[in-house]
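**Q** Quick one: this structure, given as structure tokens, is what I'll be asking you about.
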Amino acid sequence: MMKDLSLASLLDQSWVILKTLRSAKLSERVITLATVDPKGQPQVCMVVLRSIKRDKSMLEFHTDADSLKYTSLLREPKAQILIWRPDVSVQLRISVEIDVYCDVKSQKLWAQVPGPSQISYGKSPPTGHSISAPFDYENMASIEKFAVAECTIQKIDFLSLGQTHHRAQFLRIDNWTGQWISP
Ligand SMILES: Cc1cc2nc3c(=O)[nH]c(=O)nc-3n(C[C@H](O)[C@H](O)[C@H](O)COP(=O)(O)O)c2cc1C
């Protein structure tokens, strides 16, 4: 039987997916992030989804202030987040504008970062630099390199490839009303 679909229910489902992801165990709490580097080259990587706020349409991840994505986002704050949930056969492509900061505001959050995660921030030599052997680096667990990325959602593209194929887009500027799209 064909499900009775509404745009509002798809938007709710998008947030349920994000909420489920946020409460998953650390190794499964990952999202794919696409940025554009200063040379115009797209760069895709995985990051851990640290928090979600539906009322503010915000997602958050953390990174190292020496990473390419940090410098890329300072220059080009537009990015896209990709999520695929095989359990519900839904792909979410979430267009965001990202405000990255590494200052007193991020330092206030440092105490909430679990110890094993703190070692991810700050490397010597800095992340991305050439080294002559695989372990010629040190983890600095550095509060000065701990950066927070606040992602404000501009658009959600919802694609279902389950029993029925359907697609919709939700825009912030349309107050998330939604629009059906041919899949
Ligand atoms: C499962 C997984 C989770 C990751 N989580 C993060 C993360 O939360 N933040 C981060 O900056 N990098 C994370 N990474 C590493 C990035 O994908 C990337 O390799 C690294 O940040 C270097 O990126 P750059 O090219 O921007 O310097 C993770 C990688 C994997 C495989």
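**Q** Rg and Dmax in Å for the stretch 102-183, alpha carbons only: what are they?
**A** Considering the stretch 102-183 through its Cα atoms, Rg and Dmax are 20.7, 54 Å.
**Q** Moving on. If you build a Gaussian network model of the chain, linking Cα atoms that sit under 10 Å apart, which residue out of Val90, Val113, Val36 swings the most?
**A** Comparing Val90, Val113, Val36 in a Gaussian network model of the chain, the most mobile one is Val113.
**Q** Between helix 7-23 and the chain, what is the angle of the helix's C-alpha long axis to the longest principal axis, kept within 0 to 90° and rounded to the nearest 10?
**A** Rounded to the nearest ten degrees, it is 30.
**Q** To the nearest 20 Debye, how big is the dipole of the stretch 1-121 about its Cα centre, given +1 on the beta carbon of each Lys and Arg and -1 on that of each Asp and Glu?
**A** 180 debye
**Q** What is the gain in length, in nm to one decimal, between Lys108 and Leu161 on full extension, counting 0.36 nm per residue of separation less the C-alpha to C-alpha distance?
**A** Contour length minus Cα-Cα distance gives 14.9 nm.
**Q** Counting trypsin sites (Lys or Arg not before Pro) as exposed when in a DSSP loop with at most 12 other beta carbons within 10 Å, what is the longest stretch of the chain free of them?
**A** Here the longest run is 40-183.
**Q** In µm²/s, what is D for the chain at 37 °C and 0.692 mPa s, where D = kT/(6 pi eta Rh) by Stokes-Einstein and Rh is the Kirkwood radius from Cα pairs?
**A** Approximately 185 µm²/s, per Stokes-Einstein.
**Q** Let me ask another. Sticking with the crude label model, points 7 Å out along Cα→Cβ, report the distance from Ser124 to Ser51 in nm, one decimal please.
**A** Here the answer is 3.1 nm between the modelled labels.
**Q** I'd like to know which of Phe170, Val96, Pro116 lies farthest towards the positive end of the charge dipole of the chain, counting +1 on Cβ of Lys and Arg and -1 on Cβ of Asp and Glu.
**A** Phe170
**Q** Have a look at the DSSP beta bridges in the chain and tell me what percent are antiparallel, nearest 5.
**A** That works out to approximately 100 percent antiparallel.
**Q** In debye, nearest 20: dipole of the stretch 107-183 around its Cα centre with unit charges on the Cβ of K, R (+) and D, E (-)?
**A** Roughly 180 debye for the stretch 107-183.
**Q** Given only helices, namely DSSP H runs of n ≥ 4 each adding -39500 (n - 2.57), what is the per-residue ellipticity at 222 nm of the chain, to the nearest 500 deg cm²/dmol?
**A** Dividing the helical sum by the residues of the chain leaves -5500 deg cm²/dmol.
**Q** Using 0.36 nm times the number of residues separating Ile173 and Val44, minus their current alpha carbon distance, what extension gain do you get?
**A** 43.8 nm
**Q** Mind counting lysine pairs for me in the chain? Cα separation below 17 Å, and the two need to be 8 or more apart along the chain or on different chains.
**A** Within the chain, the lysine pair count is 13.
**Q** Related question: Test of understanding: in a Gaussian network model of the chain with alpha carbons linked when under 10 Å, which of Pro134, Pro38, Pro116 would top the mean-square fluctuation ranking?
**A** Pro134
**Q** If you don't mind, another one. Hey, what's the chain come to in accessible area per residue, 1.4 Å probe, Å²?
**A** 58 Å²
**Q** Build a GNM of the chain with springs between Cα atoms under 10 Å: which of Ile131, Ile94, Ile17 gets the top mean-square fluctuation?
**A** Ile131
**Q** Could I ask something else about it? Given a Förster distance of 41 Å, report the FRET efficiency between Ile181 and Tyr137 from their Cβ-Cβ distance, rounded to the nearest 0.05.
**A** Efficiency, rounded to the nearest 0.05: 0.35.
**Q** Which FRET efficiency value, to the nearest 0.05, is calculated for Leu7 and Val30 with the Förster distance at 25 angstrom and r the Cβ-Cβ distance?
**A** So the FRET efficiency works out to roughly 0.35.
**Q** A further question follows. Whenever you get a sec, compute what percent of the accessible area on the stretch 13-112 sits on carbon and sulfur atoms (1.4 Å probe).
**A** Carbon-and-sulfur percentage of accessible area, whole number: 53.
The values are calculated or read from the model by the stated rules, or taken from the named source; none is laboratory data. Given the structure is predicted, the values throughout are model-derived calculations rather than measurements. Because the Cβ atoms are built from the backbone with ideal geometry, glycine has one as well, and the counts that use them run over all protein chains shown. We work out accessible area using only protein heavy atoms, side chains counted, and drop any ligands, DNA or RNA first. Shrake-Rupley method; radii C 1.70, N 1.55, O 1.52, S 1.80 Å.
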